[in-house]
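*Asks:* Here you go, one structure.
The values are calculated or read from the model by the stated rules, or taken from the named source; none is laboratory data. Please read all numbers here as calculations on a predicted model, not as lab measurements. Positions of Cβ are generated from backbone atoms using ideal geometry, with glycine treated the same way; all protein chains shown enter the neighbour counts.
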Amino acid sequence: MNAAGLDDLYREAILDHGRNPRCVGKLDDATHTGCDANRLCGDAVTIRLRIADGRIDAARFEGEGCAISQASASMLTEALVGMNLDDAHAHASSMRAALEGRQAPAGGSLAALLSGVRAFPERISCALLSVHALERALGAAP
Amino acid sequence: MNAAQTARTGFDVAAMRREFPILSREVYGKKLVYLDNAASAQKPRAVIDAMRQFLETDYANVHRGVHFLSSRATDHYEAAREAARRFLNAPAADNIILTHGGTEAFNLVASSFTSPMIAPGDEIVISEMEHHANIVPWHFLRERQGAVIRWARIGDDGVLDLDHLQSLIGPRTKLVAITHMSNVLGTITPARVIADMAHARGVPVLFDGCQAAVHARVDVQAIDADFYIFCGHKIYGPTGIGVLYAKPHFLSAMRPYQGGGEMIREVGFDAVTYGDAPHRFEAGTPPIMEAVGLAAAIRFLEGIDHAAVHAHEQALLAHATRRLRAANGIRIFGEAPGKGAIIAFDVKGVHPHDLATVIDREGVAIRAGHHCAHPLMKRLGVTATGRASFALYNTMEEVDVFVAALQRAREFFQ
């Protein structure tokens, strides 16, 4: 299945996270929650964070959708744990900038891993779904 | 398609394909396999040529100039109305309103016919398998006027539950609005039975014919439809034009839809009077070149053997259904007897969008998503499905390419 960029879109790590998403589930003592849904396909992601002393000490997501949206949510949520709020904000905005093509992703970054989506314009919104959910969660500061 | 298949269905698909220039193109270096016909069908040379020739020789605005070209363009435009009349077997061309698309036709009925008679608690009866175009205009009446939408159930096989439908039609029902063919399940509904049910309680009935118009023969008098809607681009014509048939006594009682030029009799400083139907409902410059394309599409369909096309499409559907059933982990939604040539499906463990992206790279175009039918998706318990929809130019080989691509995609994700 080497056709025309498919292997860039569906890299092994993405397929792996898509098949076996990490950090899935509820977070009963979440302090911050954000969700987003794609009106085109119905995919949905909810990200829940527990933030204590300005640091994310737990993160979970629940969602339904394609391999790209679910892998993106899984990898993003996994990466959040341990970040302070400034880092998390910066992480979200650099992912958004990379996925929207406004800046090159840093080598080895999550955005770089997902950058194969750039060749599939109709799928960029799939990768951005969890980014938007995260932005909403971070925006909902107590 | 090979000679044996032609012999079996009496239909020369290879010759038909030559009428559609786009079918010879490649995508990603692969032969195009276009199975998204329920979203929009491709255009035959006859439609493309008719529109180009009209623009090159006869184009002007309609119904207002006294000059030569305006008169020619008006003739073309009114000929399209007559073609639509013929296509639906409507009694008169004045029963035909040309709109800017199917969706506008639903909104026109909701705004001009249904809305004025809605008091809070009045009901619109639709089904669980409607397209959003036959749902959202009724939600407007719910939000703005307190109308109640009643949903006729479908069975797990996608068949409309007629007993349930009948039980919903009551003294508060102002309109029954049902699809003539589901854009997801392919179910063809018994229009005459539905019309009789509604009429028995004095309720008018509207049919969404956007899918049925290309797959079934439509005769609005035989089914006793009060309103019937279809659009140009799904019957091999252009986008930007739709057709609303309405019985004359409804048309003459309906208030205008949009205001503007062309739909008036006289406009004063503090009064306005309106023209007669159908012009009263066609404000502004209409879709003129689209009407020419619509007429050409109708002539194209009239020029081919409907029974042979139907047999061909049913053969494609049967072959695809058989192949998908034989494959592991593929679930088909909609198994109504006599359904039209649409297959909605899902593949275990693969989201429809991933599937569509992967097989697209093999040249296979299908739709993946909710198909503008959120309530139906909820009814089916899914957020999205894949959908392959067939047209008269598809071949058995294309079905095989599609199924093989699905199987490779499935392996890719496992």
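*Asks:* Please identify the pairs in which a residue from segment A:120-138 that is within 11 Å of chain B (Cβ to nearest Cβ) has its Cβ atom under 8 Å from the Cβ atom of a residue that is aliphatic (A, V, I, L, M), counting only partners at least 6 apart or on another chain.
*Replies:* Going by the 8 Å Cβ cut-off, the qualifying pairs are A:120/A:9; A:123/A:9; A:123/A:68; A:123/A:117; A:125/A:40; A:126/A:68; A:126/A:117.
*Asks:* Please verify whether residue B:174 is crowded, with 24+ Cβ neighbours inside 10 Å and assigned by TED's automatic domain parsing to the domain that holds residue B:115, treating the condition exactly as stated.
*Replies:* Values: crowded, with 24+ Cβ neighbours inside 10 Å: no; assigned by TED's automatic domain parsing to the domain that holds residue B:115: yes.
Here the answer is no, as residue B:174 does not meet what is asked.
*Asks:* Follow-up question, since we're still on this one. What number goes with the only condition from (1) touching a residue at least 12 places away in the same chain (Cβ under 8 Å); (2) more than 30 Å from residue B:395 (Cβ to Cβ); (3) of a type in the set (Val, Ile, Thr) that residue B:66 does not pass?
*Replies:* Residue B:66 satisfies every listed condition except (1).
*Asks:* Let me ask something additional. Could you please give the count of residues in segment B:331-353 that are more than 26 Å from the chain's Cα centre (by Cα) and surrounded by fewer than 20 Cβ atoms within 10 Å (Cβ to Cβ)?
*Replies:* Of segment B:331-353, the ones more than 26 Å from the chain's Cα centre (by Cα) are B:347-351.
This time we only want the ones that are surrounded by fewer than 20 Cβ atoms within 10 Å (Cβ to Cβ), so: B:348-349.
Total satisfying the criteria: 2.
*Asks:* Considering only segment A:5-18, state which residues are touching a residue at least 12 places away in the same chain (Cβ under 8 Å) and within 8 Å of chain B (Cβ to nearest Cβ).
*Replies:* Answer for segment A:5-18, where residues must be touching a residue at least 12 places away in the same chain (Cβ under 8 Å) and within 8 Å of chain B (Cβ to nearest Cβ): A:5, A:9, A:10, A:15, A:18.
*Asks:* Still on this structure: How about segment B:331-355: which of its residues are farther than 25 Å from residue B:180 by Cβ and of a type in the set (Asp, Glu)?
*Replies:* If the condition is that a residue be farther than 25 Å from residue B:180 by Cβ and of a type in the set (Asp, Glu), then B:346, B:354 are the ones that fit.
*Asks:* Moving on. Restricting to segment B:207-244, what's the tally of residues that are touching an Asp or Glu at 6+ places or on another chain (Cβ under 9 Å) and among the hydroxyl-bearing types (Ser, Thr, Tyr)?
*Replies:* 2
*Asks:* I'd like the residue in segment A:36-69 that is touching a His at 6+ places or on another chain (Cβ under 9 Å) and among the aliphatic types (A, V, I, L, M) and, out of all such residues, is nearest to residue A:115 (Cα to Cα).
*Replies:* A:68
*Asks:* Name every residue in segment B:164-212 that is part of a strand (DSSP E or B) and of a type in the set (D, E, K, R), in order of residue number. Before you say what the answer is, go through the steps one by one.
*Replies:* So the first thing to find is which residues in segment B:164-212 are part of a strand (DSSP E or B), and the list is B:173-179, B:181, B:188, B:205-208.
Listed by number, the residues that qualify are B:174, B:208.
*Asks:* Next up: Within segment B:31-57, restricting attention to residues that are charged (D, E, K, R) and either crowded, with 21+ Cβ neighbours inside 10 Å or in contact with a strand residue (DSSP E or B) (Cβ under 8 Å, 6 or more places away or on another chain) (or both), which residue is nearest to residue B:402 (Cα to Cα)? Don't jump to the end; show me each part of the working.
*Replies:* Residues of segment B:31-57 charged (D, E, K, R): B:31, B:36, B:43, B:45, B:49, B:52, B:56.
Next cut, either crowded, with 21+ Cβ neighbours inside 10 Å or in contact with a strand residue (DSSP E or B) (Cβ under 8 Å, 6 or more places away or on another chain) (or both) only: B:36, B:43.
Numbers: B:36: 12, B:43: 22 Å.
Here the residue is B:36.
*Asks:* Additional query: Examine segment A:99-108 for a residue that is part of a strand (DSSP E or B), in contact with a Lys or Arg (Cβ under 9 Å, 6 or more places away or on another chain) and more than 22 Å from residue B:413 (Cβ to Cβ), and state whether such a residue exists. Step through it out loud before you land on a result.
*Replies:* At the first step, the residues of segment A:99-108 found to be part of a strand (DSSP E or B) are none.
No, segment A:99-108 contains no residue that is part of a strand (DSSP E or B), in contact with a Lys or Arg (Cβ under 9 Å, 6 or more places away or on another chain) and more than 22 Å from residue B:413 (Cβ to Cβ).
*Asks:* Which residues, counting only those in segment B:340-357, are in contact (Cβ under 8 Å) with a residue 40 or more places away in the chain, among the β-branched types (Val, Ile, Thr) and within 9 Å of chain A (Cβ to nearest Cβ)?
*Replies:* The one that is in contact (Cβ under 8 Å) with a residue 40 or more places away in the chain, among the β-branched types (Val, Ile, Thr) and within 9 Å of chain A (Cβ to nearest Cβ): B:350.
*Asks:* Follow-up. Give the residue that is farthest from the chain's Cα centre (by Cα), with candidates limited to residues of segment B:85-122 that are crowded, with 21+ Cβ neighbours inside 10 Å and free of Cβ contacts under 8 Å to residues at least 60 places away in the same chain.
*Replies:* B:118
*Asks:* Ok, one more. Any chance segment B:269-279 includes a residue that's without any contact (Cβ under 8 Å) to a residue 60 or more places away in the chain, part of a loop (DSSP other than H, G, I, E, B), in contact with an Asp or Glu (Cβ under 7 Å, 6 or more places away or on another chain) and in the same structural domain as residue B:197 (by TED's automatic domain parsing)?
*Replies:* no
*Asks:* Here is a follow-up. Which of the residues that make up segment B:358-414 are of a type in the set (Asp, Glu), more than 11 Å from every other protein chain (Cβ to nearest Cβ) and crowded, with 19+ Cβ neighbours inside 10 Å? Steps first, answer last, please.
*Replies:* First, the residues of segment B:358-414 that are of a type in the set (Asp, Glu): B:360, B:362, B:397-398, B:400, B:411.
From what is left, the residues that are more than 11 Å from every other protein chain (Cβ to nearest Cβ) are B:397-398, B:400.
The one that is of a type in the set (Asp, Glu), more than 11 Å from every other protein chain (Cβ to nearest Cβ) and crowded, with 19+ Cβ neighbours inside 10 Å: B:398.
Table: residues versus (1) farther than 24 Å from residue A:10 by Cβ; (2) part of a strand (DSSP E or B); (3) of a type in the set (Gly, Ala, Ser); (4) in the same structural domain as residue B:135 (by TED's automatic domain parsing).
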| residue | (1), (2), (3), (4) |
| --- | --- |
| B:313 | yes, no, no, no |
| B:318 | yes, no, yes, no |
| B:335 | yes, no, no, no |
| B:354 | no, no, no, no |
| B:375 | yes, no, no, no |
| B:394 | yes, no, no, no |
| B:404 | no, no, yes, no |
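Rundown of residues vs (1) at pLDDT below 95; (2) part of a loop (DSSP other than H, G, I, E, B), yes/no style:
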| site | (1), (2) |
| --- | --- |
| B:5 | yes, no |
| B:41 | no, yes |
| B:52 | no, no |
| B:60 | no, yes |
| B:83 | no, no |
| B:97 | no, no |
| B:104 | no, no |
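*Asks:* Of the residues that sit in segment B:306-339 and are hydrophobic (A, V, I, L, M, F, W, C) and out of contact with any helix residue (DSSP H, G or I) (no Cβ under 8 Å at 6 or more places or on another chain), which one is nearest to the other protein chains (Cβ to nearest Cβ)? Walk me through how you get there before you give the answer.
*Replies:* Kept after step one, since they are hydrophobic (A, V, I, L, M, F, W, C), are these residues of segment B:306-339: B:307-309, B:311, B:315-318, B:320, B:324, B:326-327, B:330, B:332-333, B:336.
Still in the list and also out of contact with any helix residue (DSSP H, G or I) (no Cβ under 8 Å at 6 or more places or on another chain): B:307, B:309, B:317-318, B:326, B:336.
Details: B:307: 38, B:309: 32, B:317: 25, B:318: 29, B:326: 22, B:336: 24 Å.
Looking at the filtered set, the residue picked out is B:326.
*Asks:* Also, I was wondering about something else. If residue B:312 satisfies every condition in (1) closer than 22 Å to residue B:63 by Cα; (2) crowded, with 19+ Cβ neighbours inside 10 Å but one, which is the exception?
*Replies:* (1)
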